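The values are calculated or read from the model by the stated rules, or taken from the named source; none is laboratory data. Fair warning: this is a prediction, and the values are worked out from it, not measured in the lab. Cβ placement follows ideal geometry from the backbone for every residue including glycine, while neighbour counts extend to all protein chains displayed. These accessible areas exclude ligands, DNA and RNA; they are computed on the full protein's heavy atoms, side chains included. Shrake-Rupley method; radii C 1.70, N 1.55, O 1.52, S 1.80 Å.
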Amino acid sequence: MASYPSAAVERAMKVQEVILRAMAKKITWWQAAQIIGITDRQMRRWHWRYREYGYDGLLDRRTGQPSPKRVPLAVVEQILELYREKYFDLNVRHFHEKLREKHAIRLSYTWVKKALQLAGLVRKNKRRGVHRRRRPRRPLPGMLLHLDGSSHAWFQDDRRYDLLVILDDATSAIYYAQLVEQESTATVMAALREVIEQKGAFCALYSDRASHFFHTPKAGQPVDRNRPTQVARALQELGIQMFPAYSPQARGRSERSFGTWQGRLPQELRLRNLRTLQAANEFLRDSYIEEFNKRFTVPAAQRGHAFLPLRGKNLELIFSLQHQRTVNQDNTVHLGPRILQIEKTRWRATLAGCRVTVYQHLDGSWSIGYGPHCVGRYSREGVPLQLQKETRRRLKAVEKPGAQRPWKSLRDFHFPTAPTTKPIPTTLTKTGHFMCYENRTF
């Protein structure tokens, strides 16, 4: 009797008292089972054991005997050693997956978690906050996409980068995940353009109220949809709606996804010894996004998808920073420190005074558009790309011995030589228009 704990002895005494009252017909056997908290069938077993063995039959016979499901001590020591020496920075779920995949240890997640907590290697979770109702998912992929960034020390050092992730609300599938120096208009546009090129146009985008998504006149107030940002203008041209989130809890699906990313990606980068931004992004693009989706994607509620192919849309112009400018009298456009020179066009002598659109492309180059016409392409520094290409081609041709002039007329000549004035009489072109070249400088 001394080998049994006091709680087991007290329970046996309670069961004996209830059985005696039922045998005395003061209560029914059904009421006795209700008092003890067991079924009628179990109550009949207790009654039989009491008649056969007396009070000792009511005690738990398993007490003092090892459980047949007990984990061997060597396996426990191996698990704790693996976590201390190799997987010390993994969360419990990630560590449990590594045990099954890499070390063929197939113990339950609850057992592994309790073992790590009892050993002091993992802290117990904090109690959850107030109860919230989960927002139902969209029934089809492509109906709603989440775009958000998470700043974190992904390489487990002093460097902090932003992880841009585009997640589908219906399936939690990751369509885009890349590390960038900082979340900005350009990086967000690059992410959206890649997803649209691969999947097609989606229905709506859900994001926070960062300045590159929405203009918020006052902190905490609703966004001003009458002043669209560059991202909002691009999505509006494609017919994609934008929904702002007014609290982190409203973006719970993406926030929980980032918790998973922060608990797994730094450890995966460390195990593969990836220390640079380029190597990490190649790893994400080539293998890890697919692996992440296989593990965490859920099936959609309905078959099919809501993506639509784009036809007749110039994504290079749509996903660019657009600025409205007026052409100066010398056919130049000023944009900050850059001066973009517009060359003469065949359909108009000058564009001075015209309102044009300057496009700053995601690769850093520039272009100028006037209505449907592209009147200039420029490098990152503002040098005309067509002029650079033509000059290099003609210089290469001139350097060849015995080469003829690669230009057909003086109008094609662009080398920087001293200007000379040469009057040319009025001539008739092939189209029947008179062109006057008098006092023209070549």
- Query: Of the conditions (1) at pLDDT below 95; (2) touching a helix residue (DSSP H, G or I) at 6+ places or on another chain (Cβ under 9 Å), Gln198 fails just one. Which one is it?
  - Reply: (2)
- From the list Ser247, Ser254, which residue is at pLDDT below 90, small (Gly, Ala, Ser) and closer than 30 Å to Thr276 by Cβ? Ser254
- Within the bounds of the range 316-326, is there any residue that is of a type in the set (Lys, Arg), at pLDDT 90 or above, at negative phi and open to solvent by 70 Å² or more (accessible area, probe 1.4 Å)? yes
- Among Thr229, Thr276, which is modelled with pLDDT of 90 or more, open to solvent by 20 Å² or more (accessible area, probe 1.4 Å), over 18 Å from the mean Cα position of the chain (by Cα) and within 20 Å of Leu147 (Cβ to Cβ)? Thr229
- Item | the range 232-252 - residue that is open to solvent by 30 Å² or more (accessible area, probe 1.4 Å) and closer than 30 Å to Gly312 by Cβ and, of those, nearest to the chain's Cα centre (by Cα) | Phe243
- Message: Looking only at the range 195-226, count every residue that is more than 20 Å from Arg138 (Cβ to Cβ), of a type in the set (A, V, I, L, M, F, W, C) and buried (at least 16 other Cβ atoms within 10 Å of the Cβ) and tell me the total.
- Response: 3
- Message: Please go through the range 1-59 and give me each residue that is in contact with a Lys or Arg (Cβ under 6 Å, 6 or more places away or on another chain) and either assigned to a helix (DSSP H, G or I) or open to solvent by 50 Å² or more (accessible area, probe 1.4 Å) (or both), ordered by number.
- Response: Gly57
- the range 335-351, residues that are touching a strand residue (DSSP E or B) at 6+ places or on another chain (Cβ under 9 Å), surrounded by 13 or more Cβ atoms within 10 Å (Cβ to Cβ) and free of Cβ contacts under 8 Å to residues at least 40 places away in the same chain: Leu335, Ile342, Thr345, Leu351
- Do any helices (runs of 4 or more DSSP H) lying entirely in the range 68-175 carry at least 1 residues that are of a type in the set (D, E, K, R), open to solvent by less than 40 Å² (accessible area, probe 1.4 Å) and within 30 Å of Ala301 (Cβ to Cβ), and which ones are they? 92-102
